[in-house]
Amino acid sequence: MRSHFKFSKGQKIGVTALAVIIILQIIFLNKGSGISIPDPFVISTEQYKIIDSTALDSKKYKNNYYKKAYTLAPFDPNEYRISDWQKIGFSKKQSTIIVNYRIKINGFKKRSDVEKVFVINEKKYNELKPFLTIKESKVKDDFELNQNAIIAKPLVIYELNSASIKELISIDGIGEFTANGILKHKKLIGGFHSVTQLKEVYGIGDDNYDKIIKQIEIDKSELIKINVNELSIFELKEHHYISWNIAEAIINNRLGHKLTDLHFLVTDNVVNKVKLEVILPYIVY
């Protein structure tokens, strides 16, 4: 059978000539334009040179990133406002935190105080340290201070055991919640005989305690006392500072004779000396 796909001699010559022409054109075009046919399976590292030189972990990038756009000169951090801190490389939020911290501590007293601001890391502090010049402790804010002199109010002293809730609230360091707590605790213990007992009141921490004790005094004659020779064990136990063990020891030690002191509580290891000193002002014999 005669094949329909067999080329004649003339056709063969034509196909060969066409192939030669195509190859010559490819060679000519590549030679003239410098463009080569890319191999899709071969990736040249040359195309990544620009990326490598600007990568986040490259030395060149870090040097450019941390390049300062400001010049430092000696300055007093107590006189710097938010805008001033921004001019030496801090954001507005960071600058606000620095100013608020300075106001909170009533001004930077020494250079190391600046390092305590959490938005100032060790590297930044070391950069600023040679230029920090603290003249005096000043507290400024981003508003003009009133030029009129502030006249300090005279300190009013209140007697703690007789003070009303209104008087307690007027004491610096005591709010309505704390004032109610003081009155409740006073009723519970039978009155205060020492300022340290205020620490037993919920809401009074070291900060407001230091303020409060400067504005109060205590009259111990206001204390409600109990007679340890007359009350039963259950009545003794009702007092805030007297536990069942203490009440039981009192009852056992007064059998056959009248009590004249409670120091046996320490001798018998029922309470320590500190606890006894808290109890004694409420006791009569």
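Annotations for the structure displayed:
- Here the stretch 260-285 is the region considered, the condition is being part of a helix (DSSP H, G or I) and among the charged types (D, E, K, R), and the residue that is nearest to the chain's Cα centre (by Cα) is LYS275.
- Residue match in the stretch 161-168 (condition: under 30 Å from LEU262 (Cβ atoms) and either free of Cβ contacts under 8 Å to residues at least 60 places away in the same chain or part of a helix (DSSP H, G or I) (or both)): yes
- Restricting the stretch 205-231 to residues that are β-branched (Val, Ile, Thr) and out of contact with any His (no Cβ under 7 Å at 6 or more places or on another chain), the residue that is surrounded by the fewest Cβ atoms within 10 Å (Cβ to Cβ) is ILE224.
Residues are listed down the side, and each one gets a yes or a no for (1) in a helix (DSSP H, G or I); (2) surrounded by 11 or more Cβ atoms within 10 Å (Cβ to Cβ); (3) of a type in the set (A, V, I, L, M, F, W, C):
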residue	(1), (2), (3)
ILE88	no, yes, yes
ILE98	yes, yes, yes
ASP113	yes, yes, no
VAL119	no, yes, yes
GLU127	yes, yes, no
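- Count - residues of the stretch 180-204 that are in a loop (DSSP other than H, G, I, E, B) and surrounded by 17 or more Cβ atoms within 10 Å (Cβ to Cβ): 6
- Qualifying residue in the stretch 204-217 (condition: in contact with a strand residue (DSSP E or B) (Cβ under 8 Å, 6 or more places away or on another chain) and more than 29 Å from ILE165 (Cα to Cα)): no
- None of LEU223, LEU183 is under 30 Å from GLY256 (Cα atoms) and among the hydrophobic types (A, V, I, L, M, F, W, C) except LEU223.
- Within the stretch 221-279, restricting attention to residues that are of a type in the set (Asp, Glu) and touching a residue at least 12 places away in the same chain (Cβ under 8 Å), the residue that is farthest from GLY191 (Cα to Cα) is ASP268.
- Residue check: GLY256 meets all listed conditions (1) assigned to a loop (DSSP other than H, G, I, E, B); (2) of a type outside the set (Phe, Trp, Tyr); (3) at negative phi but one, namely (3).
- Qualifying residue in the stretch 222-244 (condition: within 30 Å of GLY175 (Cα to Cα) and part of a helix (DSSP H, G or I)): yes
- Tallying residues that are touching a residue at least 24 places away in the same chain (Cβ under 8 Å), in contact with a helix residue (DSSP H, G or I) (Cβ under 7 Å, 6 or more places away or on another chain) and among the aromatic types (Phe, Trp, Tyr) within the stretch 169-206 yields 1.
- Matching residues, the stretch 80-107, being modelled with pLDDT under 90 and under 14 Å from THR133 (Cα atoms): GLY107
- Residue check, GLY173 modelled with pLDDT under 95, part of a loop (DSSP other than H, G, I, E, B) and surrounded by 16 or more Cβ atoms within 10 Å (Cβ to Cβ): yes
The values are calculated or read from the model by the stated rules, or taken from the named source; none is laboratory data. All values reported here derive from a predicted model rather than from experimental measurement. Note that we place each Cβ from the backbone using ideal geometry, even for glycine, and neighbour counts take in every protein chain shown.
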